[in-house]
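The values are calculated or read from the model by the stated rules, or taken from the named source; none is laboratory data. Predicted, not measured: the structure shown is a model, and the values here were computed from it. Neighbour counts are summed over all protein chains in view; Cβ atoms, including those assigned to glycine, are modelled from backbone coordinates with ideal geometry. Remember, those area values only see protein heavy atoms, side chains included, never the ligands or the DNA or RNA. Shrake-Rupley method; radii C 1.70, N 1.55, O 1.52, S 1.80 Å.
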Amino acid sequence: MTILCYSQRLLNPFRGSMCCIQYKSAEAVTADGVKWDIYVSNAGLLDGLPGNRRTQVSDIRYGTWSLQAGLKRGPLYPSEDFRAMEAMGAVVYEHLLKVHDSVPFPFLDNVELWLLDRQGQPLALLDSALTAENIDMRQSGAWNPGLNCRKTFMSRAVQELGVDPDTAGASGDYLAGYINSRAGESPASQIFIRNQNGNGTGLHGSNLDSTCINRVLPAEAFPETLLETTQHDAAHHQLIKDFIAWQAPWLLLLPTLDTDTRRRHEQHARKQPVKMVQNFRLYPEIVDNTVIEAARVEVRLRETVPKPKTEEQVLSTFYVELSPEVAD
């Protein structure tokens, strides 16, 4: 019986990571290390279909689980197919009880889709997966900073660029337009397989020059922050630097950060305590525990303050991101 436990980045925008326990076509997933959702599907429906055909089957919620609340089962269906799926879900659930406190799991999404700049170098990470077949090349070839960015990110650097930083969404919108402009009028993207040393072997892509296929790029060609940060003038460099600081609660999830970089990101993340607390259980390392504890205390204090009633906001599905702020 093979059970796979792994982590995967949530991308375009980069908004965290997901830990997954997978057995056949059943899986348990968490984005915060606390609440787990268990899904099952009938992968047997795909038998006989062409191997290169990208097809999905519907997931059925087996249940949700947390250490505090225990297991809450999803709906039950009286069918042979469901009983087979339920058996797979039970295997995942039993394994979850054994390993839930072992998160984060190793990142196995070493197949990456990068937006390329005009020189054909990695500019921004668009997607990642365990296999190249799981990268959907039909997705937009544009880098997306996300709705959360548009709502909460602000950089005074845009003043030098002729943008009012106090206008809602202005900093994020300008940043998105700038990054995507660096990809040129016909943006190219390419899939790379990253090895343990960080080097990347290029596969196929979109709008890609044939000379790029099978090329090998060194680890330093792939930005550690998942967004190229060096080839910019002073104003744009500051804008991107501010964005990276804003992304710190999620960047701390990455296992490749050195100690000094992680310490710096912890200080930046402390300015967004709610996001930090939502993610810290999946941080592979914590340099300064006092920063985390201070954020947790602040969040607990905030929770004691009654929230004002607001009208329900209905978001277009285009903007819905997998994050506790939207999904819950």
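For VAL299, what is the net charge nearby, where nearby means another residue's Cβ is under 12 Å from its Cβ and Lys, Arg count +1, Asp, Glu -1?
Net charge in that neighbourhood comes out at +2.
If one puts a single equal scatterer on every Cα of the chain and applies the Debye formula without solvent, what log₁₀ I(q)/I(0) results at q = 0.10, 0.14 Å⁻¹? At q = 0.10, 0.14 Å⁻¹ the computed log10 ratios are -0.67, -1.29. Each principal axis of the Cα atoms in the range 193-318 has its own extent, and those three values, largest first, are 60, 39, 31 angstrom. Considering all alpha-carbon pairs of the range 216-280, what whole percent are spaced by more than 17 angstrom? Within the range 216-280, distances greater than 17 Å cover 46 percent of Cα pairs.
Where does each of LYS271, LYS307 land when they are ordered by accessible area, with a 1.4 Å probe and the largest first? Before the final figure, lay out the partial values.
Details: LYS271 160, LYS307 180 Å².
Output order, biggest surface exposure first: LYS307, LYS271.
The base-10 log of I(q)/I(0) for the range 119-208, evaluated at q = 0.19 Å⁻¹, reads -0.93 [Debye formula, identical scatterers on Cα atoms, solvent excluded]. Pairs from the list LYS151/LYS275; LYS98/LYS271; LYS24/LYS275; LYS151/LYS271; LYS72/LYS271 with a Cα-Cα gap above 24 Å: LYS98/LYS271; LYS24/LYS275; LYS72/LYS271. Here the range 116-171 is treated as an ellipsoid with the same Cα gyration tensor; its semi-axes, largest first and in whole Å, are 30, 15, 8.
Heavy-atom surface analysis with a 1.4 Å probe gives the chain a carbon and sulfur content of 50 percent of its accessible area. Helical runs assigned H by DSSP (4 residues or longer) give the chain a calculated mean residue ellipticity at 222 nm of -8500 deg cm²/dmol, each run adding -39500 (n - 2.57) before division by the residue total. Extending 7 Å from the Cα toward the beta-carbon at both ALA90 and GLN231 defines two label points whose distance is 5.6 nm. In summary, the convex hull built on the alpha carbon positions of the range 50-184 has an orientation-averaged projected area of 13.6 nm².
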